[in-house]
Structure formats: structure tokens, C-alpha cells
Amino acid sequence: MPQDTGKPQKRRCVLVALAGQTPAIVTETLWALEQQQAVQIDEIRAITTNRGSAALVRELLGDNGKFKSYCRDYDVAPGRIAFSEKNIHVLLDAQGSPLEDIRSSHDNRAAADQIYAFIKRWAARQDEILFCSAAGGRKTLGIYLAMAIMLCGRAEDRLLHVLVAVQFESGVREFFYPPCAEKHYQCF
């Protein structure tokens, strides 16, 4: 049994991000929270499809991934933010197989149920605060995430959406976060 030191325990800050075919939303949101809002993220959990998972692994993870680049560029100590393949939660279809994409009403129902279950379970953890980004993935996934956090979230949990400066909204495929000292986002 842990000893009570009389000091309040620091609660872990968890970024919950929906991610589709544009994994940059994860690093864009991480940047906005840490650099603009001064929220020190301890873990990233991505909710996605099988195709989205492959894109996350390909573009963000590994030695040449943009997540590692972000950590290096912003002096984040290795391992301070937990984010690996085990933090990627792939949505399943009604038969329990990974969803490739959300294309039918059955896929939508399965995704809604799972997003609700994830948020309900994670919001029950008293040692964590959730920062839920509705910016990535299909629009319906953002709606499901918003509903789940409204139903299960606590007063300290947050639902947010990152707005990127207009010059980076489209056509800049290699943009994952601003270089140090630049301001391109607003986090709401």
C-alpha cells in the first residue's frame, strides 16, 4: 500500500488523439498543448483504423519518425512521453477484426461503441487528466469522441481542436509541427 506523504500526487496528462490518414494531427496537437498551453503530456493514445495505424507507425514512430524529431527539437527527454505502437488503439469491426476504414453504418456503430468504451475506461482513472483531440480521423469519429467525453469526462478533462495557420492547412504534406520559435496554431 502506498504511503500517504500529504502531498497531492501529480496527475498524468494524456493526449487522446483521433488519427486517420494524416498522423501530423498528433504532433500538431502535442505541440499546441506543450508549447502554447504549457501542458506537459505524459502519454499519447491514438484511436484509429488499421490504415491509420500503419500511417502512424510509418510517419511518427521509429528513429526517423516525426514524434522522435519533435522530442529532439523541443528537448523532451527520451521516454518522458509514452508513445509507441502499444499506444495505438485500432478500432475493430463487429467480428473483432481491425477496421480498415469507416465505410458503413455497421463500422460507424462499432467505432462509436469502442470510442465510448475507451473514454469511459480512461476517464475512470483518477490519476489521469484527458486532453481529447477531435481534429483527426473521420468527422463522425470526432463527433463520437465529443459525445463520449461529454458523457464520461470529468470537469478537468478537455476536448480540443487545433487550428493550423492557413498556409499549412493544405498542400504541406511534410508539416508535423512548427520549428522552434514559430507560432502557427491556436488550441481551443
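For ALA54, state whether it is surrounded by 15 or more Cβ atoms within 10 Å (Cβ to Cβ) and free of Cβ contacts under 8 Å to residues at least 12 places away in the same chain. Before the answer, list the steps.
Working: surrounded by 15 or more Cβ atoms within 10 Å (Cβ to Cβ): yes; free of Cβ contacts under 8 Å to residues at least 12 places away in the same chain: yes.
Yes; evaluated as a whole, the condition is true for this residue.
Taking ARG80 as meeting all but one of (1) over 26 Å from ILE143 (Cβ atoms); (2) modelled with pLDDT under 95; (3) in contact with an Asp or Glu (Cβ under 8 Å, 6 or more places away or on another chain), write down the number of the exception.
Failing condition for ARG80: (2).
Name every residue in the range 28-45 that is in contact (Cβ under 8 Å) with a residue 60 or more places away in the chain, out of contact with any Cys (no Cβ under 9 Å at 6 or more places or on another chain) and closer than 27 Å to ASP107 by Cβ, in order of residue number.
GLU28, ARG45
All but one of (1) open to solvent by less than 70 Å² (accessible area, probe 1.4 Å); (2) within 22 Å of ILE25 (Cβ to Cβ); (3) acidic (Asp, Glu) hold for ASP93; which doesn't?
The one condition ASP93 does not meet is (2).
State whether one or more residues within the range 71-83 are over 30 Å from ASP113 (Cβ atoms), touching a residue at least 24 places away in the same chain (Cβ under 8 Å), touching a Ser or Thr at 6+ places or on another chain (Cβ under 7 Å) and hydroxyl-bearing (Ser, Thr, Tyr).
No, there is no match, as no residue in the range 71-83 is over 30 Å from ASP113 (Cβ atoms), touching a residue at least 24 places away in the same chain (Cβ under 8 Å), touching a Ser or Thr at 6+ places or on another chain (Cβ under 7 Å) and hydroxyl-bearing (Ser, Thr, Tyr).
Checking GLU100 against (1) part of a loop (DSSP other than H, G, I, E, B); (2) open to solvent by 20 Å² or more (accessible area, probe 1.4 Å); (3) in contact (Cβ under 8 Å) with a residue 60 or more places away in the chain, only one condition comes out false. Which one?
Every condition holds for GLU100 apart from (3).
Only one residue in ASP63, ASP113, ASP73, ASP42 is of a type in the set (D, E, K, R), within 25 Å of GLU128 (Cα to Cα) and surrounded by fewer than 16 Cβ atoms within 10 Å (Cβ to Cβ), so which one is that?
Testing whether each residue is of a type in the set (D, E, K, R), within 25 Å of GLU128 (Cα to Cα) and surrounded by fewer than 16 Cβ atoms within 10 Å (Cβ to Cβ) leaves just ASP113.
Determine, yes or no, whether ALA123 is modelled with pLDDT under 95, under 18 Å from ALA17 (Cβ atoms) and surrounded by 15 or more Cβ atoms within 10 Å (Cβ to Cβ).
no
The values are calculated or read from the model by the stated rules, or taken from the named source; none is laboratory data. If you're wondering where the values come from, they're calculated on a predicted model, not measured in any experiment. Here Cβ is always computed from backbone atoms with ideal geometry, including for glycine, and neighbour counts include all displayed protein chains. Quick note on the areas: whole protein, heavy atoms, side chains included, nothing else; ligands and nucleic acids left out. Shrake-Rupley method; radii C 1.70, N 1.55, O 1.52, S 1.80 Å.
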